1. Every residue in the range 124-159 that is part of a loop (DSSP other than H, G, I, E, B) and under 21 Å from R50 (Cβ atoms), please.
2. Kindly provide the set of residues from the range 11-33 that are modelled with pLDDT under 65 and aliphatic (A, V, I, L, M), ordered by number.
3. Can you tell me how many residues in the range 118-147 are touching a helix residue (DSSP H, G or I) at 6+ places or on another chain (Cβ under 7 Å) and among the polar types (S, T, N, Q)?
4. From the list S8, S40, S100, which residue is modelled with pLDDT of 90 or more, at negative phi and of a type in the set (G, A, S)?
5. So which residues in the range 145-167 are free of Cβ contacts under 8 Å to residues at least 40 places away in the same chain and either within 20 Å of D118 (Cβ to Cβ) or crowded, with 16+ Cβ neighbours inside 10 Å (or both), if there are any at all?
6. Given (1) more than 30 Å from T33 (Cα to Cα); (2) in contact (Cβ under 8 Å) with a residue 24 or more places away in the chain; (3) hydrophobic (A, V, I, L, M, F, W, C), where does V132 come up short, assuming only one miss?
Amino acid sequence: MQRRTFLSVGLASALLAGCGFKLRSSQHFAFQTLAITPESGGAVATELIRYFGDAVVPLAPAQGGVPPQVIVDILQELREKVVVGVNASGQVREYQLRLSVTFRMRTPRGRELISATDIQQQRDISFNESAVLAKEAEEGLLYRDMQSDIVQQLLRRLAAIKQLDAP
């Protein structure tokens, strides 16, 4: 029995290694400093600033400060709540939550690295008027989940930039 288990684990490992599977590693970016606009206000911009930490510098640095190598502009962050289902008496039974973020990435000299791009997420949520507070909390969690998904997609797109200078 132990021999079978050992062989099946070895076979599974060989199959995973042979198909090119590898665990996701940390992302490598072609830049060391960046500016994020708007620098405050939007939840996605705030999460990006938290992710990059000390690499985020002001768009217009103080005298002797380091200017950013790239600028990430969060052009629009839009949250929507749309009714998608009602019962026979016209009461709402289901909503669709949508989060849409439009961003672009450019150099301080104005060269666009990523043109204006829209990333969207949506989630369905049922509604029950007898559990309004619980549904509000669930809605907040779903918006945070969508926001995290969008930030991860945005980070993958930023990591895809391999060269900052024009060839």
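The values are calculated or read from the model by the stated rules, or taken from the named source; none is laboratory data. Computed from a predicted structure; not experimentally measured. Positions of Cβ are generated from backbone atoms using ideal geometry, with glycine treated the same way; all protein chains shown enter the neighbour counts.
1. Correct list: empty.
2. Once the filter is applied, which keeps residues that are modelled with pLDDT under 65 and aliphatic (A, V, I, L, M), the range 11-33 yields only L23.
3. Residues that pass the stated criteria total 3.
4. S100
5. D145, D149, Q152, Q153, A160
6. Failed condition: (2).
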